[in-house]
Amino acid sequence: MEKEKQKEELLLIDANSIIYRAYHALPPLTGPSGRPTGALYGLASILIKLLKDGAPLYAAAAFDRPEPTFRKEKYDDYKATRPPTPDDLIPQLHEAKNMLQKFGIQTLEAPGFEADDILATLADKFHSEVDKTIILSGDLDTLQLVRGDRVVAEVPKRGISETKIYNTQEVFEKYGIKPEQMADYKGLVGDKSDNIPGVPGIGPKTASNLLQKYKDIETIYKKLEDIHADSSTLVDKLEQNKEQAFLSKELAVISKEAPTPNKIDELKTNTFLEDRKLHEYLEGLGFKTILKRIIPDKERESSKIGKLF
């Protein structure tokens, strides 16, 4: 098998969000040992799709931890409406770390920080050392990290089979604002998935218009007299929820101060799709269809893995 060419890219994976997306997108599966494997199958499928046309030179996958984060300490209801992790997903989250390492991708986590914070810190440190940084996430929180075409977010849009890449222009076309204004946007409209309240009564269109004109929440509150000339009702909403608006923005800002490696070489990938140990690992999980995607027919016929098919 011809070895895939490595690209001068940094791939950053929000592991928890991708695994959750895979879990809900695929039917329940079990491996030869009887363990649940549906989310792992989805993760492996996504990784192969990303690596098929050339492996990134550097990669890391970040996980959330169970301890309260600094956001939870600021606002006890942060993410309070999320359901508990399904029982059959818990062991898959643990095994996902092993899978990612089999693919040559380092896994990282940090008490008090979310996966997004780790990815943001890495992107901030190392984006100038590569041609492109790709942030793979199952939600849109990471859009605030996008910078031109050099730092982009790749988000599954239909289950896990299709993804959409957001650069600065794509973010503007979707929200009418710049990526760096996303935290201000959430400060106004809130975020139901994270239970961030925002300002009641302010929707996406109003928030976008305000931010296009005034840039950020701080300026909006300095210009309430100007806004009052157009809409006294809007000013009433802003005044009555000022503290909540600033808290919501603070909760939405992704930190760039998580503890992470200080040298990009620590994130070098060290496994490729033709690696025999990776094939044996996937074989052990019963992922026959996935193996067919990465092992040519002739090679399968001449190897012990070929006996699976």
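Just so you know, all these numbers are worked out from the coordinates, no wet-lab data involved. Note that the structure is a prediction, hence the values are computed from the model and not measured. Heads up, the Cβs are rebuilt from the backbone with ideal geometry, glycines too, and the neighbour counts pull from every protein chain shown.
Data overview
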| item | result |
| --- | --- |
| Percent antiparallel among DSSP beta bridges (both partners in region 126-258, rounded to 5) | 65 |
| HN-Hα J in Hz across region 24-33 - Karplus 6.51, -1.76, 1.60, θ = phi - 60°, x for Gly and Pro | 7, 8, 10, x, x, 10, 10, x, x, 7 |
| Crossing angle, helix 204-214 versus the chain [Cα axis fit, 0-90 degrees, rounded to tens] | 70 |
| Magnitude of the charge dipole, the chain, Cβ model with Lys/Arg +1 and Asp/Glu -1, debye to 20 | 960 |
| Computed [θ] at 222 nm, deg cm²/dmol, the chain (DSSP H ≥ 4; -39,500 (n - 2.57); rounded to nearest 500) | -12500 deg cm²/dmol |
| Top of Ile160, Ile135, Ile90 by mean-square fluctuation, Gaussian network on the chain, Cα under 10 Å | Ile90 |
| Share, in percent, of DSSP beta bridges within the chain that are antiparallel, nearest 5 | 35 |
| From phi via Karplus (6.51, -1.76, 1.60), per-residue ³J(HN,Hα) for region 65-72 in Hz, x at Gly/Pro | 10, x, 5, x, 8, 4, 6, 5 |
| Under 13 Å, Cβ to Cβ, from Ala39 - net charge with Lys/Arg +1 and Asp/Glu -1 | 0 |
| GNM flexibility winner over the chain from Thr37, Thr69, Thr233 (Cα, springs under 10 Å) | Thr233 |
| About the Cα centre, charge dipole magnitude for region 179-252 (Lys/Arg +1, Asp/Glu -1 at Cβ), debye | 160 |
| Listed residues Ile135, Ile90, Thr30: farthest to the positive end of the dipole of the chain (Cβ charges) | Thr30 |
| Flagged links, alpha-carbon separation over 19 Å, of Lys7/Lys256; Lys49/Lys174; Lys186/Lys213; Lys97/Lys277 | Lys7/Lys256; Lys49/Lys174 |
| GNM result for the chain, Cα springs below 10 Å: residue of Tyr214, Tyr20, Tyr166 fluctuating most strongly | Tyr214 |
